[in-house]
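Asker: Sharing a structure here in structure tokens format.
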Amino acid sequence: MKKIIAVLAASLMLAGAVSAQGLGSLLGGLTGKSGSGSSDLGSILNTVSNVVYAFTGQTNVVSLPGTWTYEGAAIALSGDSAVANIASTAASGTVEKKMDEYLAKVGIKPGTMTFTFNEDLSFVCTIGAIPISGTWKTLDEGARVQLQFGKTLKFLNMTGTLKPSVTGCEMLFDSGRLMEFLKKALAYVAKQNSTASTFASLAENYNDMKLGFKLARK
């Protein structure tokens, strides 16, 4: 029992430093060396792993299969110095708000756009009631995603980063690539695309800006 308590205490201390998935991997090996109490220890470790997930709200990898709903714009900014990084972090909330406003003007509001990723590596991005299809794959052990659209968007290829969040994930792309997607997608669904130039001018104010979507699993 003392051993179980010790492992539990150590696990909780590590909660702020590792993800739930990492914790389960790190401690799961101990269950096979605990003698008659191995099943109890395994149960406790699984519980600890779930507690850590609830506390951090994320794991290291985003599992994409399923349907995701657009919740709002996502921004990642970085500058050339520590001061610039601090300033860009403070500015990101303002930029996200502006981008939300621009997207809303062309009909992209929370709940009006979805991504459905299928196990066969096909996907459908639906804007309003208009579907746009393609294929997808993850790169770098799930840290990035590559979207290959079909003829509808002139075979546009986009590679972005995936960031876990409390409600789901953030899918972020280089600003220029996202502008190209918005322009082509909005033209296809017969919506105004003049605001794409506004997005582009906004992006020019920051170095290494990544723009994208906050997504929640449906």
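The values are calculated or read from the model by the stated rules, or taken from the named source; none is laboratory data. Here the structure is a predicted model, which is why all the values come from computation and not from measurement. Note that we place each Cβ from the backbone using ideal geometry, even for glycine, and neighbour counts take in every protein chain shown. Quick note on the areas: whole protein, heavy atoms, side chains included, nothing else; ligands and nucleic acids left out. Shrake-Rupley method; radii C 1.70, N 1.55, O 1.52, S 1.80 Å.
Asker: Could you check how many residues of the range 180-198 are outside any helix (DSSP H, G or I) and either modelled with pLDDT of 60 or more or of a type in the set (A, V, I, L, M) (or both)?
Answerer: Residues of the range 180-198 outside any helix (DSSP H, G or I): 189-194.
With either modelled with pLDDT of 60 or more or of a type in the set (A, V, I, L, M) (or both) added as a condition, the list becomes 189-191.
Summing the residues that are outside any helix (DSSP H, G or I) and either modelled with pLDDT of 60 or more or of a type in the set (A, V, I, L, M) (or both) in the range 180-198 gives 3.
Asker: Being charged (D, E, K, R), modelled with pLDDT of 85 or more, out of contact with any Pro (no Cβ under 7 Å at 6 or more places or on another chain) and closer than 19 Å to S63 by Cα is the requirement here; does K214 meet it?
Answerer: Values: charged (D, E, K, R): yes; modelled with pLDDT of 85 or more: yes; out of contact with any Pro (no Cβ under 7 Å at 6 or more places or on another chain): yes; closer than 19 Å to S63 by Cα: yes.
When the stated conditions are applied, K214 passes them.
Asker: Regarding the range 157-178, can at least one residue be identified that is open to solvent by less than 40 Å² (accessible area, probe 1.4 Å), at pLDDT below 90 and farther than 18 Å from E71 by Cα?
Answerer: yes
Asker: Looking at the range 68-90, can you tell me whether even one residue there is open to solvent by less than 40 Å² (accessible area, probe 1.4 Å), in a loop (DSSP other than H, G, I, E, B) and modelled with pLDDT under 95?
Answerer: If we filter the range 68-90 for residues that are open to solvent by less than 40 Å² (accessible area, probe 1.4 Å), which is where we start, we get 68-70, 72-77, 79, 84, 88.
Filter again for in a loop (DSSP other than H, G, I, E, B), leaving 77, 79.
Now narrow it down to the ones that are modelled with pLDDT under 95: 77, 79.
Taking every residue of the range 68-90 in turn, at least one turns out to be open to solvent by less than 40 Å² (accessible area, probe 1.4 Å), in a loop (DSSP other than H, G, I, E, B) and modelled with pLDDT under 95.
Asker: Is it the case that S201 is open to solvent by 50 Å² or more (accessible area, probe 1.4 Å) and either at pLDDT 90 or above or under 17 Å from D100 (Cα atoms) (or both)?
Answerer: yes
Asker: How many of the residues in the range 134-156 are within 20 Å of the chain's Cα centre (by Cα), among the small types (G, A, S) and surrounded by fewer than 17 Cβ atoms within 10 Å (Cβ to Cβ)?
Answerer: The number of residues fulfilling the criteria is 2.
Asker: Taking the residues in the range 98-115 that are β-branched (V, I, T) and under 20 Å from K218 (Cα atoms) as candidates, determine which candidate is surrounded by the most Cβ atoms within 10 Å (Cβ to Cβ). Outline the logic, then answer.
Answerer: To start, the set of residues in the range 98-115 that are β-branched (V, I, T) comprises 106, 108, 112, 114.
Cutting the leftovers down to under 20 Å from K218 (Cα atoms) gives us 108, 112, 114.
Working: I108: 24, T112: 15, T114: 16.
If we take residues in the range 98-115 being β-branched (V, I, T) and under 20 Å from K218 (Cα atoms), then I108 is surrounded by the most Cβ atoms within 10 Å (Cβ to Cβ).
Asker: While we're on this one: Which residue is farthest from L103 (Cα to Cα), if the candidates are limited to the range 124-168 and must be of a type in the set (V, I, T) and assigned to a loop (DSSP other than H, G, I, E, B)?
Answerer: Restricting attention to the range 124-168, the residues satisfying the condition of being of a type in the set (V, I, T) are 124, 126-127, 130, 132, 135, 138, 145, 152, 159, 161, 166-167.
Remaining after also requiring assigned to a loop (DSSP other than H, G, I, E, B): 166-167.
Values: V166: 23, T167: 21 Å.
Checked the range 124-168; the qualifying residue farthest from L103 (Cα to Cα) is V166.
Asker: Separate question: Which one is farthest from A185 (Cα to Cα) among residues in the range 101-158 that are charged (D, E, K, R) and in contact (Cβ under 8 Å) with a residue 40 or more places away in the chain? Give the steps one after another, and end with the answer.
Answerer: The initial filter retains those residues of the range 101-158 that are charged (D, E, K, R), namely 101, 105, 109, 119-120, 137, 140-141, 144, 151, 154.
With the extra rule that they be in contact (Cβ under 8 Å) with a residue 40 or more places away in the chain, the set shrinks to 105, 119, 141.
Details: K105: 15, E119: 24, E141: 28 Å.
Filtering first and then ranking leaves E141.
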